[in-house]
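These notes are about the structure you will find just below.
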Amino acid sequence: MIDRKWLALMQVSVLMIAGGAAWEVSNRIGNTIEEGGITVVDSNDKTHTFPKSPERVVLTNTYAATVMRMLGINNSVVVGVSGDFNDDLMWPELSKRDRVQQSAHSEIDFESLLDTTPEVYIVFATNGMVDTNAIRDKLEPVGVTVVALDFYKYDSLEREIAVLADIFGKQSEARELFAEFAALESLVSDRIETLDDADRPSVVIEHHASLMRDPVVLTGTSQWTDLVHLAGGNNVFSELPGHTTHVDMEAILDENPDVLMFDGIVFDIGFNSFDDEGRCETHFGYIEDRTGFENMDAVANRRMAIMSGEFAGPMMIHGLPTLAKIMHPSLFEDVDAESILDSYFSKYHNVERIGKFVCTP
């Protein structure tokens, strides 16, 4: 029997060998080591210069820690974390580091933070729940460099990874990672490149805020719109303003989408999470009970999906085949998307993938 992880590696390796142009992504890596040290520009357009790679770093979110693992950066440099690292199975070392805040979105315990004597504090750049400028105003006067990077937006993911690669001298590892990204994207794009717009399923992507109020949808500036498009679908609300916006039930009914997707961040799914309380199925029932939704194509054809938060972070490219199979099941019937996810966790996190990552009716 062919090992699934080996098969995933073979799928990617063949594409990498065939697609030599993928190495052109090396242009994203800058030669930033100059006489004055290492100079990078973060996602707030702030320039930072370091005399050498920092040895004491505080992380607020698992996305940054994930990228560090993907680049092979030794996590011994991490001296403080948030409560987001409480999973001992995924983060056995970092879960034991000093805690400086409860989560990436919570208030910072500045006394605990400064007790770790960090050189660098890595924080979200554009997350609406994090006031990055206020954090910078408090920490930089006392000698802590605040580096703002998101790692959850497709159009900036490689550039942000390149920033960490430059800071820690991992440019070669970044080039290899970008080639792997390019191979996975080619695996999908080669199969959908001839599709007409009419062949792309129409998609509505609801935010987790929809659980508590009338529908809140993700618009064109959301990273999910980019991923859905790469997977061969079209976000019907991509032209609306803002990152998320409220719409009436009638607006969704009028669009009659082929696929209904839901941001699964607040569901108990993802690594080492199994939706033991059945909240996914309860949510699908709630959607089906909306007035008029029983006749919607996505509901009638049972084409609904809740995607775990990992798909919206640094794992997004490795998750692209999974999303493509939801958009075009017949085109990707022979692609083992599950094994690609398995390989991602074994290669970059050194763990076996466990948990429910996608909920469908």
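The values are calculated or read from the model by the stated rules, or taken from the named source; none is laboratory data. In this text, all values refer to a predicted model and were calculated from it rather than measured experimentally. Here the Cβ positions follow ideal geometry from the backbone for every residue, glycine too, while neighbour counts run over all protein chains shown.
Selection over region 330-346 of residues that are surrounded by fewer than 19 Cβ atoms within 10 Å (Cβ to Cβ), of a type outside the set (D, E) and touching a residue at least 24 places away in the same chain (Cβ under 8 Å) gives a count of 3. Counting only residues that are assigned to a loop (DSSP other than H, G, I, E, B) and hydrophobic (A, V, I, L, M, F, W, C), which one in region 318-361 is farthest from W91 (Cα to Cα)? Restricting to residues being assigned to a loop (DSSP other than H, G, I, E, B) and hydrophobic (A, V, I, L, M, F, W, C), the top hit is L331.
Answer with yes or no whether A324 is hydrophobic (A, V, I, L, M, F, W, C), surrounded by fewer than 17 Cβ atoms within 10 Å (Cβ to Cβ) and modelled with pLDDT of 95 or more. Answer is no for this residue.
Might you let me know whether region 288-302 holds any residue that is touching a residue at least 60 places away in the same chain (Cβ under 8 Å), in contact with a Pro (Cβ under 8 Å, 6 or more places away or on another chain), farther than 28 Å from M68 by Cβ and buried (at least 21 other Cβ atoms within 10 Å of the Cβ)? So far as region 288-302 goes, yes, one or more of its residues are touching a residue at least 60 places away in the same chain (Cβ under 8 Å), in contact with a Pro (Cβ under 8 Å, 6 or more places away or on another chain), farther than 28 Å from M68 by Cβ and buried (at least 21 other Cβ atoms within 10 Å of the Cβ). Starting from residues that are under 15 Å from S103 (Cα atoms) and exposed (fewer than 11 other Cβ atoms within 10 Å of the Cβ), keep the ones in region 128-145 and report whichever is modelled with the highest pLDDT. Selected residue: M129. I'd like to check something: does region 63-76 contain any residue that is modelled with pLDDT of 95 or more, surrounded by 24 or more Cβ atoms within 10 Å (Cβ to Cβ) and hydroxyl-bearing (S, T, Y)? Among the residues of region 63-76, at least one is modelled with pLDDT of 95 or more, surrounded by 24 or more Cβ atoms within 10 Å (Cβ to Cβ) and hydroxyl-bearing (S, T, Y), which makes the answer yes. Selection of first residues in region 160-183 that are under 23 Å from F124 (Cβ atoms) and of second residues that are part of a helix (DSSP H, G or I) and among the acidic types (D, E), restricted to Cβ pairs under 6 Å at least 6 apart or on distinct chains, gives the following pairs, ordered by first then second residue: F178/E158.
Go over the candidates S43, S76 one by one and state the one that is small (G, A, S) and part of a loop (DSSP other than H, G, I, E, B).
Exactly one residue qualifies, and that residue is S43.
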